[in-house]
Amino acid sequence: MLHSTTWTPPITGYVKLNFDVDLVADNITKWGIILRDYDGNIFMAGVKHYPGCAGAPLEEARACFRGLACARAYGIRNVIIESDCQELIQMLRNKSIFLNSISLFVRDIIFLFKILIFILRLL
């Protein structure tokens with residue numbers, strides 16, 4: 001899905017994690033993540049593609065987890081998570097864990113919340 005949104009900087013003292021997933025033909029999943037500060041400085045950016053697709057919400061959760069793990073590895077504690085995946089943001093806000101695949105990542109993301117200071121935003 002293409003979005004025509006403009007990036008807005010996080011508040012001072014925070015780093016923003018943006019990520020998005022693209023499920024393309026031939027059963028290929030692609031995602032990208034980027035961590036930027038309020039001046040737009042890039043701390044980390046990456047892309048990954050691999051065969052198979054477990055569904056958009058699960059792949060969005062996987063990308064979010066990877067981004068937060070990178071933030072933690074770089075010593076970043078204050079993170080704004082911004083995503084267009086309403087299902088993921090709602091699960092994280094409610095700290096909802098169900099008996100499904102996405103909950104494996106949601107559980108790990110919620111664990112990182114104990115270490116990081118975060119704000120969730122839905123695009």
- Task: Return a yes/no flag: does the range 50-62 have any residue that is touching a Cys at 6+ places or on another chain (Cβ under 6 Å), of a type in the set (D, E, K, R) and buried (at least 17 other Cβ atoms within 10 Å of the Cβ).
- Result: yes
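Okay, residues lined up against (1) touching a residue at least 24 places away in the same chain (Cβ under 8 Å); (2) of a type in the set (A, V, I, L, M); (3) closer than 14 Å to P57 by Cα:
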site	(1), (2), (3)
R72	yes, no, no
I81	yes, yes, no
E87	yes, no, yes
N94	no, no, no
N100	no, no, yes
S103	no, no, yes
V106	yes, yes, yes
I110	no, yes, no
F113	no, no, no
- Item | Count - residues of the range 7-17 that are part of a strand (DSSP E or B) and among the hydrophobic types (A, V, I, L, M, F, W, C) | 2
- What number of residues in the range 70-123 are among the aromatic types (F, W, Y), surrounded by 14 or more Cβ atoms within 10 Å (Cβ to Cβ) and closer than 20 Å to P10 by Cα? 2
- For the range 16-41, pairs from a residue that is free of Cβ contacts under 8 Å to residues at least 60 places away in the same chain and under 13 Å from R62 (Cβ atoms) to a residue that is of a type outside the set (A, V, I, L, M, F, W, C) and assigned to a loop (DSSP other than H, G, I, E, B), with Cβ under 7 Å and 6 or more apart or across chains, are T29/G52
- Query: From the set of residues in the range 18-45 that are on the phi < 0 side of the Ramachandran plot and outside any strand (DSSP E or B), which is surrounded by the most Cβ atoms within 10 Å (Cβ to Cβ)?
  - Reply: Y38
- Note on the range 71-115: residues assigned to a loop (DSSP other than H, G, I, E, B) and within 14 Å of the chain's Cα centre (by Cα) are D84, C85
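Laboratory data are not the source of any read-out in this text; all were calculated from the coordinates shown. The structure presented is a predicted model; accordingly, all values stated were derived computationally and were not measured. Quick reminder, even Gly has a Cβ in these numbers, built from the backbone with ideal geometry, and neighbours come from all protein chains shown.
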